[in-house]
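Structure first, then comments.
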Amino acid sequence: MVILMEKNTPEVNVERVIERLDKEGFDVHRSTGVEHILLGVIGDTAKLDIRTMQLMEGVADAYRISAPYKLVSREFKPDNSVFTIGDVEFGGEETVVMAGPCSIESEEQIMRIAEKVAAAGARVLRGGAFKPRTSPYAFQGLGEEGLKYMRAAADKYGLLMITEVMDKDQIDLVERYTDIIQVGARNMQNFTFIRALGKTRTPIFLKRGISATFKEWLMAAEYILAGGNDKLIFCERGIRTFESYTRNTMDISAIPVMQKLSHLPVFADPSHGIGLRDKVLPMARASVAAGAHGLMVEVHDDPDKALSDGAQSLYPHQFEELMAQIRVIAGVIGRKIAEPVQL
């Protein structure tokens, strides 16, 4: 259920409604819209008399949400969620670009790449310190040592940092270093894990599961918001279909669909979405044209020798070209992308 408070109603009225709901055993999530305060009521609201709530002082309206995902839905919050991490705004007018290597391989490597992507206009440095690999014999990442290298590189070049957490036991460690926690496709429905992420206050970057429906993706996000962490970004990264030419099938339609269903920012990862270096640029262009709030792109200065995912990683000069192209597209649809900087 959502309770819409009257415009400019005194705070005491809001507190009175919350107190009543709390006494009846409901969890209440407060959201501030452009003009109104909205209260999301979580629990078995079938036993709650909606007419009684509508008659409380300061209440403009009360209605039930039909979608099983309550907190992430447009019904709960009609306005886009916009939040700031450091000096970067997510969900607003800027199309935010995250870039960096698949894996942190050495201090020198992450420093070189951070400098190049920052100069091209990226706002967030991506990189894996813990790598989920299909083969147990493949490179698994540098662990905490890699986190230290990445934090130093991000700070040196004025970037935020995003890295993947693979297990709930890693959360406390990774939170000490990163600005954003990435949840990979394999963990989207690891409910014990994502429930634990709801207790953190570090923003979450939730990638779509390999075969996940939109509803399943939204319900995974609901676990995190229900835990109290409302800073969440969806990321479309391709899904598994019968096609084998590309690594995954990039679902561009997910961008406008998720933006209709949810108020949260929606990003796209064309590197994983297509898995082929020469196809990343066109899929990135398409994602921006579809209205994505941001992109995640893999960049490596020597991808043929990369320890993971070299085939889908752009060379730095290709990343510069991508940034120039999507700036034009973003301008056409009324969005903006950070300009190149002199370091």
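Read-outs: derived from the displayed coordinates by stated rules, not from any lab. Here the structure is a predicted model, which means the values were calculated and not measured. Virtual Cβ from ideal backbone geometry, glycine too; neighbours counted across all protein chains shown.
Here are the numbers:
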| item | result |
| --- | --- |
| Rg/Rg_ref, the chain, where Rg_ref = 2.2 N^0.38 Å and atoms are Cα | 1.04 |
| Theoretical FRET efficiency, 1/(1+(r/R0)^6), r = Cβ-Cβ of ARG240 and ARG64, R0 45 Å, to 0.05 | 0.80 |
| Inter-centroid distance (Cα atoms) of segment 317-331 relative to segment 1-69, Å | 44 Å |
| Neighbour cut-off at most 11 other Cβ (10 Å), DSSP loop, GluC sites (Glu not before Pro), segment 163-255 | GLU243 |
| Added length on full extension, which subtracts the Cα-Cα distance from 0.36 nm per residue, LEU276 to GLU24 | 85.3 nm |
| Filter on LYS47/LYS231; LYS116/LYS156; LYS199/LYS231; LYS215/LYS336; LYS77/LYS231; LYS148/LYS199 - keep pairs with C-alpha separation over 19 Å | LYS47/LYS231; LYS215/LYS336; LYS148/LYS199 |
| Only Lys, Arg (+1) and Asp, Glu (-1) charged, at Cβ; segment 83-332 dipole about Cα centre in debye | 580 debye |
| Environment charge at PHE193 (Cβ cut-off 12 Å; Lys +1, Arg +1, Asp -1, Glu -1) | +1 |
| Sorted by Cβ neighbour density within 10 Å, fewest at the top, the residues ASP278, ASP269, ASP44, ASP167 | ASP44, ASP278, ASP167, ASP269 |
| Potential lengthening between GLU144 and ASP302 on full extension [0.36 nm per residue; Cα-Cα distance subtracted] | 54.5 nm |
| Beta bridge orientation in the chain: antiparallel %, DSSP, nearest 5 | 40 percent |
| Cut-off 12 Å (backbone N to label point 7 Å along Cα→Cβ of ILE210), residues of segment 244-281 | 248 |
